[in-house]
Amino acid sequence: MYKADLSTPRRQNLLGLIVLLANSIRKIGWNILPLLIYALIKEDFYANNKLLIISAICVILILLVIHSILFYLNFLFSIENNDFVLRRGYINKKTIRIPLDKIQTVNTKQNLLQQILNVVSLEVDTAGSSVKEVSITALRRAEADIIKRALIEHKNENTDETDEKTTDKNNLIKLSPSDLIKIAFSENILKTGLLVMLTIYSVYSQYREYINRYFAREINDFENQLNTINYTAIAILLVLFIVLSIVATIIKTFIIYYDLSLIKTEKGFELKCGLLNRKNNIVPKHKIQLLKYSFNPIKKLFDIVSVTMKQASPNDVKEKQSLKIPGCSNRINNSVIEYIFESYSNSHFTTHFTAKYYFIRNWIWLSFPVAIAIQFLPEISQYTLAFIGIFGWFIPCTIAIWLSSKKRNFSISDDIISIQSGSSGTTITLIELHKIQSVKYRQSVFQKRRKLASIKVVTASESISIPFIDQQIASELYNYILYKIESSNKNWM
Amino acid sequence: MLFKNESIDINSLPSIDLEKFTPIEKRYRIIMVINSIISATIITIPIILVSIFNAEVPLYVRYALSAVLLTYIIFNIFWSRISIQYKSYLLRSNDILFKKGVIWKKTTAIPFNRIQHVEVKQSAIAKQLNLSKIVIFTAGGNTGDLAISGLNDQTANKIREFIMGKLKDYV
């Protein structure tokens, strides 16, 4: 195997120049796009100022090329004395030094251009929020793999014979296009649809003037049709909206999760997915802080659960630090859980439910603001208002709250706590007790009257509350979690 | 009972219900009141400025405004008297606990082996009163951090030393 000498500072692959240039063109391009569109659409402006516009674009391009070359030449990285060192910048020179044991994850990513050029970008994430994330834009795959290994498994540098055993790798999940379509149908289709509508509307309102000018007649016709209440038109619009939502969800699912594969490695997991941006994350299992899996009635029908594994992360980069699998079968979910939580299969869980008063509290929180808000509404028609209020808001919300208080519970075994939540769907969060960072015991005077209390557990990736349980159980849980953390000599990271 | 566990008896675990918490210094009330006055003025500064420089603001609005401000401050003076009694901490051999809240009571516990680092802070006013604030950071981010204000200067430093000594054992 070719062994790179990482101790001397080195540059990235020469192809990185192209990637850097493309990135900066894209960045600048997005900012001046509205200006450009404006210049092109506005009558006569382009014709009169042709020379000015073209020369301005040329100057910007030349500047970007010079910037990219300088940036490329001054971008050096190396591993020195157990530190990952990165030198960057030509005007403001900057040296970033990260101790290897502070490195959380090393991920590789490929956007479309990088896929064509056959290079990958390497991103290094640290546990602290103080160090900005570090990324190298272009490396050959083999080189990236070596650096990745050097960064993550630096402790086993001397015994690097073992990582040649690629045949040992266990392919857990591989999603085919038909799987992805199934997953897309079980996602929250309406949410995606509404988001698409919102985006379309915001683009429309930004360029309203021009759109109105070019499509004046069509818009007029459409508005005329809308003015006469036409049930077929409403039906068509509804169907159109649903179709649009489904198509958008399928496209979204394909772009993010295309050709997803989850591989079980000796130390953890390796996840690859994406259509335009292919990413490749390697996560050692001891760094996983919590695992969440969720399902809803449709997912149950298809035997799909979606699984998220979260790593320690500072607040601002939460999304990045999680491995999300949009769908896998229950059996595979179980094997993932058993792999991370070694004692899961032979631990006995005792379940405790949330008190009924949780429903009442949430219901009061819901009904008071609405009841007050209704008082301030202008008197359109008391009956319509009451009708919309009761059937459109009150009854659905009451059902949702009732379901969510019924589903909320927690189960505990010797080493693992499992917290269930959700209203229409169900989400289950599994945490190993020794990975909890701090515990909070909460009790309001209203809870005290009913001998209830809430517990909040804080982990390095998320904090989760266990509301309205019996105060005796709550204080036992509190004491037990503290005992588990303090008596355990297992590392949380 | 939480659950059955053969190797340990849940009831034999150290329980927070039985232990005695140390209240924070009563002098801290002064800072609580000053803080509430500062925050109230910052919020109302724009309104005060407008009503001073704009003669069209009716007199009763000015009276109402000052009445609200005054009530808020008086309320805070009384409230701080009550709420300070509920702020207390407890240092055990393996963790630190902090209790607060009058209506919504909250007890936060941080085990020493999950602490990232400890800071002792002191504002200018607190320095006059010989008070310090101890801030304990965990990997849990903002929700996982713990700040205990209103400690004697020496006590805060002693606690910090104690925790730092414990931290050395875990590394």
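The values are calculated or read from the model by the stated rules, or taken from the named source; none is laboratory data. These numbers were taken from a predicted model, which means no experiment stands behind them. Neighbour counts run over all protein chains shown; Cβ positions are idealised from the backbone, glycine included. The area values use the complete protein model at the heavy-atom level, side chains included, leaving out ligands, DNA and RNA. Shrake-Rupley method; radii C 1.70, N 1.55, O 1.52, S 1.80 Å.
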Zone reached by a paramagnetic label modelled 7 Å from A:N170 Cα along Cα→Cβ, restricted to region A:261-300 with backbone N below 13 Å, covers A:263-270
Taking a crude spin-label model, label points 7 Å out from Cα along the C-beta direction, the A:L14 to A:I62 distance in nm is 2.5 nm
Which residues qualify? For A:Q104, with a placed amide H closer than 5 Å and at least 5 residues away or on another chain, they are A:D125, A:T126, A:A127
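Return the FRET efficiency for the residue pair A:N489, A:Y357: r is the Cβ-Cβ distance, R0 is 51 Å, and the value is rounded to the nearest 0.05. Present the calculation step by step, with values, prior to reporting the outcome.
Details: r = 39 Å, r/R0 = 0.77.
After rounding to 0.05, the efficiency reads 0.85.
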Ranking A:W365, A:W492, A:W402 from most to least accessible area with a 1.4 Å probe gives A:W365, A:W402, A:W492
Rounded to the nearest 10 Å², the accessible area of B:I42 using a 1.4 Å probe with every protein chain kept is 110 Å²
Rounded to one decimal in Å, the inverse mean reciprocal Cα-Cα distance for region B:88-170, i.e. its Kirkwood radius, is 13.2 Å
So B:I73 and B:A55, fully extended at 0.36 nm per residue minus their Cα-Cα distance, gain in nm 3.8 nm
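Using a Förster distance of 30 Å, how high is the FRET efficiency between A:I388 and A:I181, based on the Cβ-Cβ distance and rounded to 0.05? Working shown, then result.
Working: r = 36 Å, r/R0 = 1.21.
It comes to 0.25.
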For region B:28-83 (alpha-carbon point model, no solvent) the Debye-based log₁₀ I(q)/I(0) at q = 0.29 Å⁻¹ works out to -1.12
Scoring chain A by relative contact order with C-alpha pairs under 8 Å, at least six apart, yields a percentage of 11 percent
Under a 1.4 Å probe, counting only protein heavy atoms, B:M164 has an accessible area in Å², nearest 10, of 70 Å²
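Only helical DSSP H runs with n ≥ 4 go in: add -39500 (n - 2.57) per run for the protein assembly as shown, normalise by residue count and round the 222 nm mean residue ellipticity to 500 deg cm²/dmol. Mind dumping the intermediate values first?
Numbers: 22 runs with 302 residues, N = 664.
Mean residue ellipticity, 222 nm, calculated: -14500 deg cm²/dmol.
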Region A:229-262 and region A:66-89 have their Cα centres apart by a whole-number Å value of 45 Å
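Regarding chain B, what whole-number volume in Å³ per residue does the convex hull of its Cα atoms give?
About 169 Å³ per residue, rounded to a whole number.
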Largest-first ranking of A:K300, A:K287 by accessible area, probe 1.4 Å, whole protein assembly kept, is A:K300, A:K287
If the label point sits 7 Å along Cα→Cβ of B:I37, residues of region B:74-93 with amide N under 14 Å come out as B:74-78
In nm, the gap between the two label points placed 7 Å beyond Cα toward Cβ at A:I219 and A:Y46 is 2.1 nm
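Please report the equivalent ellipsoid semi-axes of region A:180-257, computed as sqrt(5 x eigenvalue) of the Cα gyration tensor, largest first, in whole Å. Please list the in-between numbers first.
Values: eigenvalues 161, 62, 14 Å².
Listed largest to smallest, the semi-axes of region A:180-257 are 28, 18, 8 Å.
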Rounded to the nearest 10, the angle in degrees between the Cα long axis of helix B:28-53 and the longest principal axis of the Cα atoms of chain B comes to 30 degrees
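Write down, largest first, the equivalent ellipsoid semi-axes of the protein assembly as shown in whole Å, where each equals the square root of 5 times an eigenvalue of the alpha-carbon gyration tensor. Mind dumping the intermediate values first?
Details: eigenvalues 387, 310, 209 Å².
In descending order the semi-axes read 44, 39, 32 Å.
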For A:T265, the accessible surface traced by a 1.4 Å probe with all protein chains present amounts, in square angstrom to the nearest 10, to 30 Å²
Note, region B:142-149: 3J(HN,Hα) by Karplus (6.51, -1.76, 1.60, θ = phi - 60°), whole Hz, Gly/Pro = x, goes 4, 5, x, 7, 9, 10, 10, 9
Among A:F341, A:S329, A:I298, the residue whose Cα sits farthest towards the positive end of the charge dipole of region A:251-344 (+1 at Cβ of Lys and Arg, -1 at Cβ of Asp and Glu, taken about the Cα centre) is A:I298
With region A:16-164 reduced to its Cα atoms and the Debye formula applied, log10 I(q)/I(0) at q = 0.11 1/Å amounts to -0.57
Counting every C-alpha pair in region A:341-493, the percent lying more than 20 Å apart is 58 percent
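Which order do A:L76, A:L291, A:L20, A:L194 take by accessible area at a 1.4 Å probe, largest first? Before the final figure, lay out the partial values.
Values: A:L76 45, A:L291 0, A:L20 25, A:L194 105 Å².
In descending accessible area the options line up as A:L194, A:L76, A:L20, A:L291.
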Restricting to Cα pairs under 8 Å and 6 or more apart, the percent relative contact order of region B:1-99 works out to 40 percent
Heavy-atom accessible area of region B:88-170 with neighbours in place, 1.4 angstrom probe: carbon+sulfur share in percent works out to 50 percent
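Starting from the Cα gyration tensor of region A:422-481, take the square roots of the eigenvalues, sort them a ≥ b ≥ c, and report rounded, prolate or oblate (rounded when a/c is under 1.5, otherwise prolate if a/b is larger than b/c, else oblate). Walk me through the numbers before you get to the answer.
Details: a/c = 2.17, a/b = 1.30, b/c = 1.67.
It comes out oblate by the Cα gyration axes.
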Counting only residues 5 or more apart in sequence or on a different chain, those whose built amide H sits under 5 Å from that of A:F468 are A:A453, A:S454, A:I455
